[in-house]
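Asker: Take a look at this one; I'll ask things after.
The values are calculated or read from the model by the stated rules, or taken from the named source; none is laboratory data. Since we're looking at a predicted model, the values are computed, not measured. In this analysis, Cβ positions are derived from the backbone assuming ideal geometry, glycine residues included, and neighbour counts consider all displayed protein chains. When the accessible area is computed, the model is the full protein with side chains, heavy atoms only, and any ligands, DNA or RNA have been set aside. Shrake-Rupley method; radii C 1.70, N 1.55, O 1.52, S 1.80 Å.
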Amino acid sequence: MAKQTRNISQKTFGERIFHAVGFEILAVLISAPAAAWALNKPVWEMGALAIMLSTTAMVWNVVYNSLFDKFWPVSRVVRTFKIRVAHALGFEGGFIMIGLPVAALWLGIGLLDALMLEVGFFLFFLPYTVVYNWVYDTLRQRWVNRRLAAEDCPARR
């Protein structure tokens with residue numbers, strides 16, 4: 001009887017959720033206090049906004065990364081620094097379009113002020129996104145390599 005194995009180099013839906021949640025939790029822990037300090041707003045207000053935007057971003061993250069992996073799969077495209085920057089720019093550009101009205105409504109500010117806030121978040125999230133995904137993919141690839149090596153180990157058969 002042949003053993004069926006799943007292609008562990010492909011991300012599962014559950015793993016995409018884990019990736020997105022980890023990204024957002026760390027981002028909220030960093031950005032909410034920093035934004036509260038920079039804007040002289042209560043931490044709870046910026047924290048609530050960060051959680052709203054984070055929840056929206058998690059959904060966008062799963063959708064965007066699924067599409068990115070479909071059109072530029074890791075099996076065909078080497079994830080160079082240039083590709084990672086393009087990936088982050090695409091994600092953040094799309095998210096600004098989503099987050100701008102949310103921030104304006106929550107803080108009771110105009111779209112121009114919300115745009116300035118979004119630019120500030122963008123300046124944080126662009127390098128954060130690149131670094132987070134680079135570290136995540138590097139650690140994931142090590143895990144995948146260990147799993148594949150363990151499956152191929154003759155002592156385990």
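Asker: Open to solvent by 60 Å² or more (accessible area, probe 1.4 Å), without any contact (Cβ under 8 Å) to a residue 12 or more places away in the chain, of a type outside the set (A, V, I, L, M, F, W, C) and within 18 Å of Leu53 (Cα to Cα), is that true of Asp113?
Answerer: On the way: open to solvent by 60 Å² or more (accessible area, probe 1.4 Å): yes; without any contact (Cβ under 8 Å) to a residue 12 or more places away in the chain: yes; of a type outside the set (A, V, I, L, M, F, W, C): yes; within 18 Å of Leu53 (Cα to Cα): yes.
In short, yes.
Asker: So, in region 43-93, of the ones that are farther than 22 Å from Lys11 by Cα and small (Gly, Ala, Ser), which residue ends up surrounded by the fewest Cβ atoms within 10 Å (Cβ to Cβ)?
Answerer: Among them, the one singled out is Gly93.
Asker: (1) under 15 Å from Thr129 (Cα atoms); (2) modelled with pLDDT of 90 or more: which one isn't true of Leu89, the others all being true?
Answerer: (2)
Asker: Could you give every pair whose Cβ atoms fall below 7 Å, whose first residue belongs to region 47-69 and is farther than 13 Å from Ala103 by Cβ, and whose second residue is of a type in the set (A, V, I, L, M) and buried (at least 19 other Cβ atoms within 10 Å of the Cβ), counting only separations of at least 6 or pairs across chains?
Answerer: What qualifies is Gly47/Ala32; Met58/Ala20; Asn61/Ala20; Val62/Ala20.
Asker: Scan region 82-110 residue by residue and report those that are without any contact (Cβ under 8 Å) to a residue 12 or more places away in the chain and more than 16 Å from Met58 (Cα to Cα).
Answerer: Kept after step one, since they are without any contact (Cβ under 8 Å) to a residue 12 or more places away in the chain, are these residues of region 82-110: 82-83, 86, 93, 97, 104-105, 108-110.
Those that are without any contact (Cβ under 8 Å) to a residue 12 or more places away in the chain and more than 16 Å from Met58 (Cα to Cα): Lys82, Ile83, Ala86, Ala104, Leu105, Gly108, Ile109, Gly110.
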